[in-house]
Amino acid sequence: MDILKHTGNPVRLELRGRLDAHEVPQLKSTLQDIKNDFVLDFGGVNFIDSSGLSWLVSSFKLARERGLQMQILNVQDAVQVILEITGLHLVLPIERIHGQP
């Protein structure tokens, strides 16, 4: 997984690759340092497993605990299907641009 971090408010994390158990520790570490609202750009994420889903939920909880806003953008179709099957698309703040709606 490649993570491109763009500073500002909100901080933008551009993610590329697979969001799986192997990548979650790096992602957790990256989020621990964020003090501003943040955007997770999923335009380059082509796969997500249960570890990745768990990380998304934990990130959302962490943001709320810190009084921050989290937004997920550019979810590809393959990942969107998983989010819909699990019902997380109803809970997480997702703005879909890839493959609309």
Checked pairs for the stretch 59-70, first closer than 17 Å to Gly8 by Cα, second part of a helix (DSSP H, G or I), C-beta under 7 Å and 6 or more apart or across chains, list as Gln69/Ala63; Met70/Ser59; Met70/Phe60; Met70/Ala63
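Among Leu27, Leu40, Leu92, which is the only one that is surrounded by 14 or more Cβ atoms within 10 Å (Cβ to Cβ) and farther than 16 Å from Met1 by Cα?
Leu92
Collect the residues in the stretch 24-53 that are part of a helix (DSSP H, G or I) and modelled with pLDDT under 95, keeping them in residue-number order.
Step one: list which residues in the stretch 24-53 are part of a helix (DSSP H, G or I), which gives 24-32, 50-53.
Val24, Pro25, Gln26, Leu27, Lys28, Ser29, Thr30, Leu31, Gln32 - these are the residues of the stretch 24-53 that are part of a helix (DSSP H, G or I) and modelled with pLDDT under 95.
Please specify each residue of the stretch 1-23 satisfying the condition of being outside any loop (DSSP other than H, G, I, E, B), acidic (Asp, Glu) and touching an Asp or Glu at 6+ places or on another chain (Cβ under 7 Å). Even if it seems obvious, please write down each step before you answer.
Residues of the stretch 1-23 that are outside any loop (DSSP other than H, G, I, E, B), as a first pass: 2-6, 11-19.
Within this subset, residues satisfying the condition of being acidic (Asp, Glu) are 2, 14.
Scanning the stretch 1-23 gives a single hit, Glu14.
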Do we have any residue at all in the stretch 62-74 that's surrounded by 14 or more Cβ atoms within 10 Å (Cβ to Cβ) and small (Gly, Ala, Ser)? yes
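If you check Leu15 against the conditions, is it at pLDDT 95 or above and out of contact with any Ser or Thr (no Cβ under 8 Å at 6 or more places or on another chain)? Outline the logic, then answer.
Numbers: at pLDDT 95 or above: yes; out of contact with any Ser or Thr (no Cβ under 8 Å at 6 or more places or on another chain): yes.
Spelling it out, Leu15 is indeed at pLDDT 95 or above and out of contact with any Ser or Thr (no Cβ under 8 Å at 6 or more places or on another chain).
The values are calculated or read from the model by the stated rules, or taken from the named source; none is laboratory data. Everything numeric in this text was worked out from a predicted model, so none of it was measured. Here the Cβ is made from the backbone with ideal geometry for all residues, glycine too, and neighbour counts use every protein chain on show.
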